[in-house]
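Trainee: Quick one: the structure is below, questions incoming.
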Amino acid sequence: MDHRPKGLAVPAAASMPTTRVQANGLLADTRGRSLRDLRISVTDRCNFRCNYCMPKEIFDKDYAYLPHTALLSFEEITRLARQFIAHGVQKIRLTGGEPLLRKNLEQLIAQLAALRTLDGTPLDITLTTNGSLLARKAAALRAAGLQRVTVSLDGLDDAVFRAMNDVDFPVADVLAGIEAARAVGLGPIKINMVVKRGTNEQEILPMARHFMGSGMVLRFIEYMDVGATNGWRMNEVMPSSEVVRLIQSELPLVPLEASQPGETAQRWGYADAQGRHDPGLGEIGVISSVTQAFCHSCNRARLSTEGQLYLCLFAEKGYDLRSLLRGGASDADLANAIGHIWQGRADNYSESRSQLGPDTGAPVKRVEMSYIGG
Ligand code: SF4
């Protein structure tokens, strides 16, 4: 039974190239982009049905989710992670679906926390969650070696939040999860809000007021045409420039430098009366994949929960690493296959979207975000 989302191209069997790619951290794709950030989806399931990611009418009870046997085990994930680290990965983000639904996730985190980057430093391990299970799991995640979390929160108004997660889940429980994460020292905590015009833009200012001075970084994400099921339309996108202007109408902001190469968010700091950034008030971020593409510095790879390697959030096909893994490939062979795949990478969907225009009329076969993580 083929469990991949309908219309998604059959993943290319990651072949075993004869030439060797050095695993020395200097790997670059066709645009000179290095491989620094690996996003690992540990489940294709979620307990929310956010309509911009897993619309309820598609991801219903009859949806063909992956059987457990198809999922990479924690040992397989850790073995693959080692090969990515050999090519220069320094940051691992655990995603889903909802990653906290994966049983004993702490065990995977402990395995990853024991790994070291090429220069011998600990990996930067983080996780993106909808926060629904965070209050219960924060302490164990922290104890296992997780350093920080990003929580998706699309509004403070309970009715708006329940409508967006589409499973009637109360906002108070997510806020309690965020407080639990802060209490056990998971931080800095980032809060991701997807802004969908006509649905939750009225929550922008309440969210900004709520998180200003909290030590947490609130990021506003432009609604994206991810996957092939969310019915995306350009007129439901609120450009980040408009979000910033709206916030500045009440809370002065100043632009800040990127904190690291390949950062997806543009940073804006809350300003004091003299117009300078006041670190005590903190900052926000805007992630503008639709109106200000950042493909030129994209150093992210994505591993699906069944071992398919994707080179872009909007990819139409992946590379099957699991069959190599379970087919007896050595670590060096795995690293070599990953090296060759990345070297051939030319992905730049967001740039091309802005050049070609959103609706090319071609049938959409993009991978679902819930399958490879945001
Ligand atoms: S569209 Fe693809 S290549 Fe561009 S930034 Fe996003 S993930 Fe990277």
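The values are calculated or read from the model by the stated rules, or taken from the named source; none is laboratory data. Here the structure is a predicted model, which means the values were calculated and not measured. We place every Cβ from the backbone using ideal geometry, glycine too, and count neighbours over all the protein chains shown. Surface accessibility is based on the protein's heavy atoms, side chains included, excluding ligands, DNA and RNA. Shrake-Rupley method; radii C 1.70, N 1.55, O 1.52, S 1.80 Å.
Trainee: If exposed means no more than 10 neighbouring beta carbons inside 10 Å and the site is in a DSSP loop, what's the longest run of the chain without any exposed GluC sites (Glu not before Pro)?
Mentor: Segment 58-249 is the longest.
Trainee: I've got another one for you. Using 7 Å Cα-to-Cβ label points, what is the LYS56/HIS68 separation (nm, one decimal)?
Mentor: 2.9 nm
Trainee: Can you give the extra length, in nm with one decimal, that the chain gains between ASP272 and LEU115 once fully stretched, where that is 0.36 nm per residue apart less the Cα-Cα distance?
Mentor: Values: separation 157, 0.36 × 157 = 56.52 nm, distance 4.16 nm.
Stretched fully, the ASP272-LEU115 segment lengthens by 52.4 nm.
Trainee: Another question, then. Please state the relative contact order of the chain as a whole percent: Cα pairs under 8 Å, 6+ residues apart?
Mentor: Reported relative contact order: 24 percent.
Trainee: Turning to a different aspect of this structure: Quick one: work out the % antiparallel among DSSP beta bridges in the stretch 12-372, nearest 5.
Mentor: If I count the DSSP bridges inside the stretch 12-372, around 30 percent turn out antiparallel.
Trainee: May I ask for the angle, rounded to the nearest 10°, between helix 134-144 and the longest principal axis of the chain, with both axes built from Cα atoms and the value confined to 0 to 90°?
Mentor: Helix 134-144 sits roughly 50 degrees off the main axis of the chain.
Trainee: For the pairs LYS91/LYS137; LYS137/LYS196; LYS56/LYS103; LYS103/LYS365; LYS137/LYS317, note any where the Cα-Cα span goes beyond 26 Å.
Mentor: Exceeds cut-off: LYS137/LYS196; LYS103/LYS365; LYS137/LYS317.
Trainee: Viscosity 1.567 mPa s, temperature 4 °C: Stokes-Einstein D of the chain from its Kirkwood Cα radius, in µm² per second?
Mentor: D = 61 µm²/s.
Trainee: Relative to the longest principal axis of the chain, what angle (0 to 90°, nearest 10) does the C-alpha long axis of helix 74-86 take?
Mentor: 90 degrees
Trainee: Mind giving me the FRET efficiency for SER354 and GLU201? R0 is 22 Å, r the Cβ-Cβ distance, nearest 0.05 is fine.
Mentor: Given R0 = 22 Å and the Cβ-Cβ separation, E is 0.55.
Trainee: In units of 2.2 N^0.38 Å, what is the alpha-carbon radius of gyration of the stretch 252-372?
Mentor: Values: Rg = 19.1 Å, N = 121, 2.2 N^0.38 = 13.6 Å.
Compactness ratio reported: 1.40.
Trainee: Sticking with the crude label model, points 7 Å out along Cα→Cβ, report the distance from GLU179 to ARG136 in nm, one decimal please.
Mentor: With each label placed 7 Å out from Cα toward Cβ, I get 1.9 nm.
Trainee: Using every Cα-Cα pair within the stretch 175-258, state what percent have a distance larger than 17 Å.
Mentor: Value for the stretch 175-258 (Cα pairs over 17 Å): 55 percent.
Trainee: OK, next. Using a probe of 1.4 angstrom, how much of the accessible area of the stretch 105-247 is carbon and sulfur, in percent?
Mentor: Heavy-atom surface of the stretch 105-247 belonging to carbon and sulfur, 1.4 Å probe: 55 percent.
Trainee: Leaving out ligands and nucleic acids, note down the accessible area per residue over the chain with a 1.4 angstrom probe, in whole Å².
Mentor: For the chain, the solvent-accessible area averages 41 Å² per residue.
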